[in-house]
Each structure stands twice: as C-alpha cells, then as structure tokens.
Amino acid sequence: MIANWVPNKNCKIWKGDEDTYFNGLKIQHRKQVGPSCVATTLSMIVESLGFNASPEHFKAVTNSQCPQSWSDSLKPFGLQLAYCNTDVRRLKYYVEELALLKDLFLVSFYSTDPPFDIDSNGKLCTAHIVTMHKDMIYDTAKLANYGGVSKVQNYTRLDRPVKRIFRVVPLGHERCL
C-alpha cells in the first residue's frame, strides 16, 4: 500500500468531458402508454431534435432491459448513449452534479426500496427511466402538469436508488456504447 494514500470518495460522474451537446434543446414532454418508459423516453428525445419517431418505433427495435439496444436505436438519428459510472446511491446524490453539466441524460432508478427484493418469479423490483436535461426532469410516467416536468430539486422520486445513468452523446463519441 502506498504511504498516506486515501481513496477519493468524490468521483465525478463524468471525468474530463467539458463539452455540452444539447444545451439549447427544447424537450416536449410525452406521457407513456403502458409500460413503455424506455421507448417513450427515446422517442421524446429524438422528436426534440426534429425527427419523427414514435414510441412504437423504439419498441420494435429495443429491448427494455438492454441499454446497448437503446444506444443502437439512436444511431440513425446521430446519437448514442455513454454509460456514466454509478452505484446504488439515491438519485438525490447525483442530480446536482448532472445539472452542473447542463446536458442531456437518461437516468434509471429502482421503483422500490431496496432494489434487492425479489418477487415470487425471481424478478428484481421494477425500474423506471427519466430524461434529465440541464436542471429539469421529464418523467413519462406522469402527466406534464402533474410532476411529469419538474426542476430536479422538486422531483418527487429523488429518494429512489439509481440503477444506471447514461449521457446522450453524438454518434461516434469516444465513450459511447
């Protein structure tokens, strides 16, 4: 062990990347129909960039449990996802750092606490994904006027344990999936 070495407990979620790719984006909230948060979220992002792609399009080309398929589905629109190092801390411990980056993120979190409870079929608890753009969260499970669009500090699910966080990046970015 190195003398006087102390672990750094404050690792930035995105080291060394000062670029902001989607600062001027205007997101139009969309309410999901049924269990389709991934497909609806991807559709909402793509439509905010001026493309036409419905949640049904993304349902047909993605697996809701496979982030690589999410990233691949964004390629025709010039986008991909980059995984951000995370652990199972609560969302409230990540949002300030993400907001400071003033960019576009997909944030997935567990719907129950703790996430380790397994149901009778051997399935982990459910998870949900939201869009975070700068200091705003867009939650497709809620209507826009009823918590579907909110400032990060006012979001009602900040106590949820994080499953994973992705940054939306231009196609071919060095850190993309």
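The values are calculated or read from the model by the stated rules, or taken from the named source; none is laboratory data. Note that the coordinates shown come from a computational prediction; the quantities given were computed from them, not determined experimentally. Glycine gets a Cβ as well: all are built from the backbone with ideal geometry, and neighbour counts include every protein chain shown. Keep in mind that these areas ignore ligands, DNA and RNA; they rest on the heavy atoms of the full protein, side chains included. Shrake-Rupley method; radii C 1.70, N 1.55, O 1.52, S 1.80 Å.
Numbers below:
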item	result
Qualifying residue in the range 79-101 (condition: out of contact with any Phe, Trp or Tyr (no Cβ under 9 Å at 6 or more places or on another chain), at pLDDT 95 or above and acidic (D, E))	no
Checking E47 against (1) within 14 Å of V169 (Cβ to Cβ); (2) open to solvent by less than 70 Å² (accessible area, probe 1.4 Å); (3) out of contact with any helix residue (DSSP H, G or I) (no Cβ under 7 Å at 6 or more places or on another chain); (4) of a type outside the set (S, T, N, Q), the condition it does not meet	(1)
Where W70 falls short, out of the listed (1) open to solvent by 10 Å² or more (accessible area, probe 1.4 Å); (2) modelled with pLDDT of 95 or more; (3) not small (G, A, S)	(1)
F58, sole failed condition from (1) of a type in the set (F, W, Y); (2) open to solvent by 30 Å² or more (accessible area, probe 1.4 Å); (3) part of a helix (DSSP H, G or I)	(2)
Residue within the range 73-92 that is of a type in the set (G, A, S), open to solvent by 20 Å² or more (accessible area, probe 1.4 Å), in contact with a strand residue (DSSP E or B) (Cβ under 9 Å, 6 or more places away or on another chain) and not in a loop (DSSP other than H, G, I, E, B) present	no
Members of the range 109-139 found to be open to solvent by less than 20 Å² (accessible area, probe 1.4 Å), of a type outside the set (A, V, I, L, M, F, W, C) and modelled with pLDDT of 95 or more, listed by number	T131, H133, D139
Matching residues in the range 140-177 - criterion: being among the charged types (D, E, K, R), open to solvent by less than 10 Å² (accessible area, probe 1.4 Å) and farther than 15 Å from L104 by Cβ	none
The range 21-55: number of residues that are outside any loop (DSSP other than H, G, I, E, B), in contact (Cβ under 8 Å) with a residue 40 or more places away in the chain and among the hydrophobic types (A, V, I, L, M, F, W, C)	4
